[in-house]
Amino acid sequence: MGCQMNVLDSELVAGQLRRAGYEPAVDMASADVVLINTCSVRDHAEKKALSRIGQLKKPKQVNPDLIVGVIGCLAERDPEGLIAKVPHVDLICGPGELHKIPAMIEEVRASRERVIALASSQSRRGSLLERSRQYDSLEALELSREPAPGDRVLQSYIRVQRGCDKFCSFCVVPFTRGPERSRAPQQIVDEARMLVDRGAKEVTLLGQTVNSYLNQQNGRTVRFSDLLERVAAVPGLERLRFVTSYPGDFTEDIFQAMRDLPPVCEYLHLPVQSGSDAVLKRMKRVYTVGRFVELIDRGREMVPGITFASDFIVGFCGETQAEFAETVALIERCRFKNIFVFKYSERPGTVAAKRVPDDIPAEVKRRRNSELLAMQKRISLADHQALIGRTVEVLAEGYSKAATKAQQAEQARGDEVGWRRSDQLVGRTRGDRIVVFTGGPELIGRLVSIRITGATALTLFGDVVQAVAPSAGESLPIVA
Ligand code: SAM
């Protein structure tokens, strides 16, 4: 559940368990171990996680040998709450302790007792040396990464930074994922090379504030733009993306890298959270709306075709109608490709929870949320309609949702599952726009030229003009 970091963590844990001799279960009933990787960024995410964990109570009663584990941010944030609310949990492990999971499972099996591993208890007790050892063990988890068949390799994630030091007043992440640490550049480059060798065409570098990446190597400073340059040089890598950037730390050299390094995609996810300086101040976001707008304008000047996405929180403590109107004006001004809007959710332990009341009524939060989404829908639709008739480069990722559903239905009926002429594929442009088009399975994993013929606010539709040559230089026949 949750963010891309969790997707990657789950992949790393699964890899670790495979190496320890486990295999993925075909269904819950045949599983010996079930691990739920949780998110705690909003109350709603925690409730969803608790409900999923609650569903395991019965299977655990039927099979007392079943090991139920909770990993991720909720495990780190509230182990006592978990024990109280879902006492059938055998294993609780925070995101900084995932390398211990195989040993923890064995311990549960041997002792029949609940086993807990949390970074917060370590850092309270542990010396600097212990913490550094702990960090090295986590690194080992990434270094031993070995994707297996069925893993999501075509578009892979690489963590470049752990934790977060920003302590925005609303955010729980620094408490659950610990202090910010940038990984060594060579390890990141080696990981990218390994993933490309195994079939990755696109790599996304992950960090909570990925552009603040900074590493000292042999006395030299490696900035985020330097890292982009090194990863972009990995032979065979078609596309390079990164999320999430922090506006306060964004520097022009990153726009230069986006303009000059062919694999780096012209897409920037830059969460602004609010269009009001007063709200940003209360959120402890260290930039102004003016600076944010300057960044967007500069990006559009320097990087042809760049698209922007952003995150917004509505109903943050004390947000007045006038402050909300400033957010509306910012969205109108910036014309993002898409936005993610969240209703403010008070998080225990954060500065906002301690100092300012969560005083905006749920109904107002809901109304503001819908208003921003409706507004963005109008902007996205107009943007997409302007692309009709244009040809775009798409990385074909797989079957569209509709085609996948139809194939699953065929499978359920026991019919032979095969590709039909009418099947639709889905992929993304360099600017992260979703494109659905008719095409065969041979195109999956390829860059394809698509002429856009239709649009909704969320999706573009088009026809294949040509399968673009992958870097090897070969070209596919025209399909449609
Ligand atoms: N580290 C990134 C940043 O701060 O720019 C994003 C991290 S967070 C996992 C993703 C988004 O969740 C944030 O950008 C914010 O919009 C939203 N979010 C975080 N804490 C929240 C809270 N307490 N209530 C509502 N939304 C929240």
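A few remarks follow.
- Distance histogram for region 264-303 (every C-alpha pair counted, 5 angstrom bins, percent rounded to whole numbers): 6, 22, 28, 20, 14, 9, 2
- Note: relative contact order over region 109-261, using C-alpha pairs below 8 Å and six or more positions apart, is 21 percent.
- Using the alpha carbons alone, the radius of gyration of region 19-69 stands to its Kirkwood radius in an Rg to Rh ratio of 1.03.
- Treating each Cα of region 278-427 as an identical point scatterer and summing with the Debye formula, the log10 of I(q)/I(0) at q = 0.17, 0.20 Å⁻¹ comes to -1.03, -1.23.
- Exceedance of the 27 Å cut-off in Cα-Cα distance is limited, within the set LYS85/LYS281; LYS85/LYS354; LYS100/LYS343; LYS85/LYS401; LYS284/LYS377, to LYS85/LYS281; LYS100/LYS343; LYS85/LYS401; LYS284/LYS377.
- For region 26-114, the list of trypsin sites (Lys or Arg not before Pro) that fall in a loop by DSSP and count at most 14 other C-beta atoms within 10 angstrom reads ARG112.
- Dipole moment magnitude, nearest 20 debye, the chain about Cα centre, only Lys, Arg, Asp, Glu C-beta charged: 900 debye
- The phi-based Karplus calculation (6.51 cos²θ - 1.76 cosθ + 1.60; θ = phi - 60°) puts the 3J(HN,Hα) values of region 78-88 at 9, x, 5, x, 5, 5, 6, 8, 10, x, 7 Hz, whole numbers, x for Gly and Pro.
- Length, then width, then depth: along the principal axes, the Cα atoms of region 312-395 run 53, 29, 19 Å.
- Cα gyration tensor shape of region 1-150, rounded if a/c is under 1.5, else prolate or oblate by comparing a/b with b/c: rounded
- Overall, region 1-156 carries a charge dipole of about 440 debye about its Cα centre when +1 sits on the Cβ of Lys and Arg and -1 on the Cβ of Asp and Glu, all other atoms neutral.
- Here region 171-243 yields Rg over Rh of 1.00, to two decimals, using C-alpha coordinates and the Kirkwood radius.
- Out of every Cα-Cα pair that region 244-292 contains, those further apart than 18 angstrom amount to 37 percent.
- Percent of C-alpha pairs per 5 Å bin, region 238-327, short to long: 3, 13, 24, 22, 15, 11, 7, 4, 1, 0
- Of the accessible area of the chain, computed with a 1.4 Å probe over protein heavy atoms only, carbon and sulfur atoms account for 53 percent.
- Semi-axes of the equivalent ellipsoid for the chain, computed as √(5λ) from the eigenvalues of its C-alpha gyration tensor and ordered from largest down, come to 34, 30, 25 Å.
- Solvent-accessible area per residue for the chain (1.4 angstrom probe, square angstrom): 46 Å²
The values are calculated or read from the model by the stated rules, or taken from the named source; none is laboratory data. All values reported here derive from a predicted model rather than from experimental measurement. Counting neighbours? That spans all protein chains shown, and the Cβs are built from the backbone with ideal geometry, glycine included. The area values use the complete protein model at the heavy-atom level, side chains included, leaving out ligands, DNA and RNA. Shrake-Rupley method; radii C 1.70, N 1.55, O 1.52, S 1.80 Å.
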